[in-house]
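See structure below.
The values are calculated or read from the model by the stated rules, or taken from the named source; none is laboratory data. Just so you know, these numbers come straight off a predicted model, no measurement behind them. Using ideal geometry, Cβ is built from the backbone for each residue, glycine included, and neighbour counts are taken over all protein chains shown. SASA here: full protein model, heavy atoms, side chains in, ligands and nucleic acids out. Shrake-Rupley method; radii C 1.70, N 1.55, O 1.52, S 1.80 Å.
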Amino acid sequence: MKRLKKNVGIICLLFTSLIIQYSCTTKEKSNASQNESFNQTDNWIVLNKTDADQDGTTFSWDVNVTHPINYTVQVVFDDLPTNSSVAKVRIDNQELKEEFQKDYTTYDHKTVSEFKTPIKIKDITAKHVLTIETEDNFNQIRLVPHYKNLVGSGKYHDEWLTMHQSEEKQEALKRFKEAKLGMFIHWGLYSQVGGIWKNTRINNAPHPGPKVAEWLMYAFQIPREEYRTLAKTFNPDKTFAQNVAKLAKDVGMKYLVITSKHHDGFALFDSKSSDFNMVDATPYKADIIKELYDACLAEGIDFGVYYSHGNDWMDGTDGNYTNVKKVNDSLGIYTHPTGKNLWDPSENTHDSYLKNKAYPQIKELLTMLPELCLIWFDGTGFITEEQAFQFYKLVYDSNPNVLVNRRVGYAFGDYLDAGDNKIPSASETLEKYWETCGTTNNSWGYKSYDEDWKSPKEMLYYFVDILSKGGNYLLNIGPDGKGHVPEISAKNLRDMGKWIHQNADAVYGTSRWKPPHEGQEETLLEGTGHRAAKGFQRNFTSKDFWFTTKENKVYAISLTHTEGDILIKSLKKGEGVIEQVKLLGNGKVLQWEQNENGLKTIVTGVPKDALGYVIEVTLKK
């Protein structure tokens, strides 16, 4: 087959004229870098019809892929056919079927039809063949990185890698990997109303977008000045910091991350860069981030902050949406509006927001919190590659011991997150260490009417599944406006914590073993909305085990309290020479037999109200 061609020269002139919108720079950059541009079409795969192998109405190309991501499939025409038939696109084992329609018109008057479902290409070393079956006349096929997959030029990669591989970062990452369980806290002005605005629940809000409580301002498109008035009544209990830190310790959480500034732009700390903060705008008149930081350190808990850098509905104008959309429309690609203030944007530019608020506030947090363990960025939106790198570098230059998460943008994070309430499959291969953040009900911020609480067993299952796959679990609480954690949420967490404390050896400092689990197929968690719609249904049996390992020990985790004979198939002969088998918690040494079928032992003494048990298997070194 003929090789594909990346036919993107035709649009280079356009990008030269629009460079100011894609090459925002900061004072730290030299004049030379200010004149450099990044053409996003360099990451497109463009397949011309004239280069295809044709068999009747089927056209085929060999496809070389550089980035293992999701791609949007587009078909480009001079003129859209008036009576279009269904077209079929195939690549690997994926097939798309749709009728062509006019989705976009490019700057050079081409018509673009876009398939609604993206394709995922994981293996960049394999040979891929893309085919399209259609009777209609077209010019080219374009594979465009999906809008959720930010792909940059790579020009900052070497400098980032040097920082990421520094001794300080790697020591911090080692501590993070050993921690395994953290507490996430979504808390702010929105917590006072509990997901209800003017007697309307956020689930019934008139505007599209996430229906979680912290998106209140967005869901109801509340004008900025009206939203500001919520600060006048935000006066939480003075014991908030101590209570939350104590809860985290009771559960066995080793680190804590709180929303220092969410998308609404309100800072829970004393900020000189914006008076929309806890000290200047509320009757509380104190820095609650500093109070919680001190309380956590006193309990031996590492402290981190969440910071929304890309979205700021108070001071971040439209999140650069207008500028980005102008460019994207000319190219014929989608501009995602979710998370952008298009109803009452501030009058400044997005670049000035970054320079005058976002960068300075990050510096303020790093200065105020010298033992900060991580910054959990969010709301990437239309942050550019250079801006994402500047956030990472700002953190590193201020304190190289502070980790940065994936959502800073453009793969500059020190570790990955699998997504909100998402757990990767055991078969997935991730290029960095990872974390899953999850909720205790179906909202991150406090939603007064959401009583769909996850039971201790359900939360423990997610945690054990994540442990067995080698990740961390950042489990969220949403305190109310007074800073009180809903009673059932706190109780369920503490019940889970009893199991964690009893079986701590199987948790902290462990890593993934050969098979992560045996027994039933995994029940994947596929997002906040997925759990909210389908609930949780899984029956655990005595044949289900999840595994972790540390040094010469393997831990087999059961989520039942079944007693009697058990067989752990993954520990059959040939999988290590066993020296000792014991039940964690009570330290009871068990009799055992290892044969070609597995490890056989007898479990007794598991309390009837236990969430499960752990068998520690010591292997000969």
Problem set entry | Under 17 Å from LYS49, Cα to Cα: lysines that are on another chain or at least 8 residues apart | LYS2, LYS5, LYS6, LYS88, LYS110
Exercise. How large is the accessible surface per residue of the chain, computed with a 1.4 Å probe and reported in Å² as a whole number?
Worked result: 42
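Evaluate the Kirkwood expression for the hydrodynamic radius of the range 518-580, namely the inverse of the mean inverse distance over all pairs of different C-alpha atoms, and round to one decimal in Å. Intermediate results must be reported in sequence, preceding the final value.
On the way: mean 1/r = 0.0702 Å⁻¹.
Every distinct Cα pair counted, the radius reaches 14.3 Å.
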Exercise. Using the Karplus equation 6.51 cos²θ - 1.76 cosθ + 1.60 (θ = phi - 60°), what ³J(HN,Hα) coupling, rounded to whole Hz, does each residue of the range 573-579 give in order, writing x for Gly and Pro?
Worked result: 4, x, 9, x, 8, 7, 9
For this session: Please provide three numbers in whole Å: the alpha-carbon extents of the range 173-305 along the principal axes, with the largest listed first.
Result: 44, 30, 25
Seminar exercise, completed: So, for the Cα atoms of the range 501-616, Rg and Dmax in Å stand at 15.0, 47
Problem set entry | Within the range 556-586: backbone nitrogen closer than 15 Å to the ALA426 label point (7 Å, Cα to C-beta) | 556-559, 568-572
Problem set entry | Nonlocal Lys pairs with alpha-carbon distance under 18 Å, the range 267-362 (8 or more apart, or different chains) | 7
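Please give the FRET efficiency for THR200 paired with SER352, using the beta carbon to beta carbon distance and R0 = 25 Å, rounded to the nearest 0.05. Walk me through the intermediate numbers first.
Working: r = 34 Å, r/R0 = 1.37.
So, using R0 = 25 Å, E works out to roughly 0.15.
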For this session: Check each of the GluC sites (Glu not before Pro) in the range 543-583 and keep only those in coil by DSSP with at most 16 other C-beta atoms within 10 angstrom; list them in order.
Result: GLU551, GLU563
Exercise. For the chain, what is the relative contact order in percent, using Cα pairs closer than 8 Å and at least 6 residues apart in sequence?
Worked result: 12
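Carbon and sulfur atoms: what percent of the 1.4 Å accessible area of the chain do they account for?
Working: 12380 of 26040 Å².
Solvent-exposed carbon and sulfur of the chain make up 48 percent of the total.
Please say if the range 323-448 is rounded, prolate or oblate, where rounded means a/c under 1.5 for a ≥ b ≥ c the square roots of the C-alpha gyration tensor eigenvalues, and otherwise the choice is prolate for a/b larger than b/c and oblate otherwise? Could you put the intermediate results ahead of the total?
Values: a/c = 1.44, a/b = 1.11, b/c = 1.29.
Rounded.
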For this session: Would you pull out the residues with amide H under 5 Å of ASP417's amide H, same chain only if 5 or more places away, H placed 1.01 Å from N?
Result: ARG406, GLU435
Exercise. Which entries in LYS169/LYS238; LYS249/LYS550; LYS127/LYS573 show an alpha-carbon gap greater than 32 Å?
Worked result: LYS169/LYS238; LYS127/LYS573
For this session: Would you calculate a helix-derived [θ] at 222 nm for the chain, using -39,500 (n - 2.57) for each DSSP H run of n ≥ 4 and dividing by the full residue count, to the nearest 500?
Result: -6500 deg cm²/dmol
For this session: Excluding residues on the same chain fewer than 8 positions from LYS572, give the aspartates and glutamates whose Cα lies under 17 Å from its Cα.
Result: GLU518, ASP544, GLU593, GLU596, GLU616
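Based on the mean of other Cβ atoms within 10 Å per residue, sort peptides 215-221, 51-57 so the most packed one is first.
Values: 215-221: 22.7, 51-57: 12.9.
Packing proxy ranking, top to bottom: 215-221, 51-57.
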